[in-house]
Amino acid sequence: MADIVAGIGISHVPALAPFLAAQASRTPEERGPGIQAFFDVSDWMRDQHADVAIMVYNDHGAQMSLGLVPTFVIGAAEEYPPADEGNGVDPSLAAFPGDADLSWHIIDSVVPEGFDLAVAQQMAVDHGFRIPMGVLFGAGAGVSPVRAVPIAVNVVQQPTPSARRCFQLGLAIGRALRAYQADVRIAVVGTGGMSHQLQGARAGHINEEFDRRFLDRIVTAPEELADLTNADYINLAGSEGAELVMWLVMRGIMNPDVDEVLSGYHVPVSSTGAGVVAMTNR
Ligand code: DHB
Ligand code: FE
C-alpha cells in the first residue's frame, strides 16, 4: 500500500539555492530559525525515506510558451530533463527520474472523476521543479534519491485555476494515492510563492503578514485559503505570489487533519518572501 509520508510547501525562487549554499558554513544560531528551517526540512525528508515525490509546480515559459499553456498538466515519463531557461542547459544537470506507473495511476483515477489533466510524455522542467528537488532531496547534478511525478499548474496566464479548484484536484489525487497498491513512500510538494511581484508598478511587493498567516492556515485551516479568489491572491501576495494556489493541491492530497513538523520564513530571498512548511497526516 502506498504511504503518504510528507506534505511540504516551499518557495522555488532560483536564488534559494545559492542563498542556502552561502548559509551552509554558519551555525543554526547564526542563521536564525527562519533560515534554519530550510536546512531542517532536508534532514527531516531524509528520515522519511520517500521513494517518490509528487511535485506541484509551474513552468515559467521555459517548456510552455505563452502560446500553449495547459491549465493542469501531469508528466507521464520515465525522466524529465532540465529546461533551457534562457542561458542554455547547465551541463552539470541531468534528467530527473520519473515514475510513469504512478503517473498513469493518477491519470486513470482523476480523469474519469472529471479532472481532465493534460498528459505530457515528454516534458522539460524548470526552476519551479528543480529548486525544491535540490533543497528537499539534494537532487540535481544527475543524482536524485526520489522518482518524481511533476504536475504543472498554470499560474502565469489568465485565466488561472482558482485556489478552490486546486484544492479539489488535490482531494482527487489524494483518493488516487490511497488506492495505489504499490508499496511506495510518497512525499507531496507544493511549490512557489510566497509573496512576490516581479513586474509592473508593484514590483517588489512583499506581504510578510499575509505570508505568515498562509503558513499557519495551510496547516490548520486550508478551507480559508481555498475560499480566496485569484484577485485576492494577486492583491495580497503579488502577481507572482499567486503561485501559492499550488500549495492547495498539496494540502488537498493530505488528510484533513495534519500535524505540523516545522515551518520557517525568511524575507527577502531575491524579490520573494521565502517560506517552507512540512506536515504529516495525523
Ligand atoms: C523569483 C521568484 C520566483 O518564484 C520565480 O519563479 C523566479 C524568480 C525571484 O524572486 O527572483
Ligand atoms: Fe516562480
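The values are calculated or read from the model by the stated rules, or taken from the named source; none is laboratory data. The structure presented is a predicted model; accordingly, all values stated were derived computationally and were not measured. Counting neighbours? That spans all protein chains shown, and the Cβs are built from the backbone with ideal geometry, glycine included. SASA here: full protein model, heavy atoms, side chains in, ligands and nucleic acids out. Shrake-Rupley method; radii C 1.70, N 1.55, O 1.52, S 1.80 Å.
From the set of residues in segment 67-88 that are assigned to a loop (DSSP other than H, G, I, E, B), within 16 Å of ligand 1 (Cβ to nearest atom) and not charged (D, E, K, R), which is nearest to Val135 (Cα to Cα)? Checking each candidate, the answer is Ala83.
Counting just the residues of segment 55-66 that are assigned to a loop (DSSP other than H, G, I, E, B) and either open to solvent by less than 60 Å² (accessible area, probe 1.4 Å) or at pLDDT below 95 (or both), which one comes out nearest to ligand 2 (Cβ to nearest atom)? Show your work before the answer.
Step one: of segment 55-66, the residues assigned to a loop (DSSP other than H, G, I, E, B) are 58-66.
From what's left, either open to solvent by less than 60 Å² (accessible area, probe 1.4 Å) or at pLDDT below 95 (or both): 58-59, 61-62, 64-66.
Details: Asn58: 6, Asp59: 9, Gly61: 10, Ala62: 11, Met64: 13, Ser65: 16, Leu66: 15 Å.
Result: Asn58.
Condition first: farther than 11 Å from Ile206 by Cα, in contact with a strand residue (DSSP E or B) (Cβ under 7 Å, 6 or more places away or on another chain), open to solvent by 10 Å² or more (accessible area, probe 1.4 Å) and part of a loop (DSSP other than H, G, I, E, B). Can you find one or more residues in segment 255-275 that meet it? Within segment 255-275, one or more residues are farther than 11 Å from Ile206 by Cα, in contact with a strand residue (DSSP E or B) (Cβ under 7 Å, 6 or more places away or on another chain), open to solvent by 10 Å² or more (accessible area, probe 1.4 Å) and part of a loop (DSSP other than H, G, I, E, B).
Quickly run through segment 204-246 and pick out the residues that are β-branched (Val, Ile, Thr), assigned to a helix (DSSP H, G or I) and within 16 Å of ligand 1 (Cβ to nearest atom).
Kept after step one, since they are β-branched (Val, Ile, Thr), are these residues of segment 204-246: 206, 218-220, 229, 234, 245.
With the extra rule that they be assigned to a helix (DSSP H, G or I), the set shrinks to 218-220, 234, 245.
Matches in segment 204-246: Ile234, Val245.
Within segment 179-206, the set of residues being within 16 Å of ligand 2 (Cβ to nearest atom) and in contact with a helix residue (DSSP H, G or I) (Cβ under 7 Å, 6 or more places away or on another chain) comprises Val189, Gly190, Thr191, Gly192, Gly193, Met194, Ser195, His196, Gln197.
Looking at segment 168-185, can you tell me whether even one residue there is away from ligand 1 (no atom under 13 Å from the Cβ) and closer than 26 Å to Ala15 by Cβ? The answer is no, given that none of the residues of segment 168-185 is away from ligand 1 (no atom under 13 Å from the Cβ) and closer than 26 Å to Ala15 by Cβ. When Ala50, Ala21, Ala17 are checked against the criterion of being more than 26 Å from Asp183 (Cα to Cα), small (Gly, Ala, Ser) and either more than 17 Å from the chain's Cα centre (by Cα) or assigned to a loop (DSSP other than H, G, I, E, B) (or both), Ala21 stands alone in meeting it. Just one of the listed residues (Arg164, Arg147, Arg175) is at pLDDT 95 or above and farther than 14 Å from Ile253 by Cα, and it is Arg147.
Hey, does segment 200-208 have a residue that's open to solvent by 60 Å² or more (accessible area, probe 1.4 Å), more than 27 Å from Arg147 (Cα to Cα) and among the charged types (D, E, K, R)? Taking every residue of segment 200-208 in turn, at least one turns out to be open to solvent by 60 Å² or more (accessible area, probe 1.4 Å), more than 27 Å from Arg147 (Cα to Cα) and among the charged types (D, E, K, R). Which of the residues that make up segment 227-254 are open to solvent by 40 Å² or more (accessible area, probe 1.4 Å) and polar (S, T, N, Q)? Residues satisfying the conditions are Thr229, Asn235.
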